[in-house]
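Quick notes on the structure that follows.
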Amino acid sequence: LLILFRTDSPAAAGSAGVLRGLPYLSRSLPFGALVDRWDRGRVMVLCQLGRGLAMASIPAWLAFETLTVWHIYLVCLVEGILFVLFNIAEAAVLPRVVPSHLLPQASGANEAGFGAALVVGPLLGTFLYQSISQAAPFVVGAACFVASLLSLLFIKTSLRAERPPATSGLRAEISQGVRWLW
């Protein structure tokens, strides 16, 4: 809505969606191999911090009347990259925080929450945009990322992967992932 309001161009608004989704299509395998090597809890915390800061930059730039479409595009790209990293790390840590016999229910609950957010989020964002201000949905979005980050800090279980040191290079692990998908 913000891009449409500023540019009156559906193509410009669609470009933001492409930038948001591009990392999911192009970076999932390399990011998966990297997340396997990193502390997943730290990845998740840093992703939510980055997503919150990126989202909060929009109302901040709006307040100073310096927001550009290019800034929004950058936020979409950063948010897309951090979403992919978070999503991969989240899927990998689920078995560490949920007993194995409850894993199917926990996975289902995660997917149901994600699906509900996909339905409710745009409705709430539109309501906030139209009834409060152009900045309101971005302020609420940033607050949600901060709340998620804070909830991650209360997890007592170690989210580090118990994994022997990598014996193959990153490229070999990505190739292995491609073969597995094929």
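The values are calculated or read from the model by the stated rules, or taken from the named source; none is laboratory data. As the structure is a prediction and not an experimental result, all values here were calculated from the model. Please note: Cβ atoms are built from the backbone with ideal geometry, for glycine as well, and neighbour counts cover all protein chains shown. With ligands, DNA and RNA removed, areas are computed over all heavy atoms of the protein, side chains included. Shrake-Rupley method; radii C 1.70, N 1.55, O 1.52, S 1.80 Å.
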Just a yes or no: is a residue in segment 109-118 farther than 24 Å from A13 by Cα and open to solvent by less than 50 Å² (accessible area, probe 1.4 Å)? yes
Just to verify a result, which residue in segment 1-46, among those that are surrounded by fewer than 16 Cβ atoms within 10 Å (Cβ to Cβ) and of a type in the set (D, E, K, R), is nearest to A147 (Cα to Cα)? R42
Any chance L103 is at pLDDT below 95 and more than 22 Å from L22 (Cα to Cα): yes
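When you scan segment 29-41, how many residues do you find that are in a helix (DSSP H, G or I) and free of Cβ contacts under 8 Å to residues at least 60 places away in the same chain? Please lay out each step first, then the result.
As a first pass, look at segment 29-41 and keep what is in a helix (DSSP H, G or I): 29-37, 40-41.
Applying the additional criterion that residues be free of Cβ contacts under 8 Å to residues at least 60 places away in the same chain yields 31, 35.
Within segment 29-41, residues that are in a helix (DSSP H, G or I) and free of Cβ contacts under 8 Å to residues at least 60 places away in the same chain number 2.
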Give me the pairs, please: first residue somewhere in segment 88-110 and more than 18 Å from R40 (Cβ to Cβ), second residue anywhere and modelled with pLDDT of 90 or more and part of a helix (DSSP H, G or I), beta-carbon distance under 6 Å, and either six or more positions apart or on two chains. none
Candidates S148, S158, filtered to the one that is under 14 Å from the mean Cα position of the chain (by Cα), closer than 27 Å to L29 by Cα and polar (S, T, N, Q): S148
Qualifying positions in segment 135-168 - at pLDDT below 80 and exposed (fewer than 12 other Cβ atoms within 10 Å of the Cβ): E162, R163, P164, P165, T167, S168
Test result for S57, surrounded by fewer than 19 Cβ atoms within 10 Å (Cβ to Cβ), in a helix (DSSP H, G or I) and under 13 Å from the mean Cα position of the chain (by Cα): no
Give the residues of segment 53-73 that are in contact (Cβ under 8 Å) with a residue 24 or more places away in the chain, of a type in the set (G, A, S) and farther than 9 Å from F138 by Cα, sorted by residue number. A54, A63
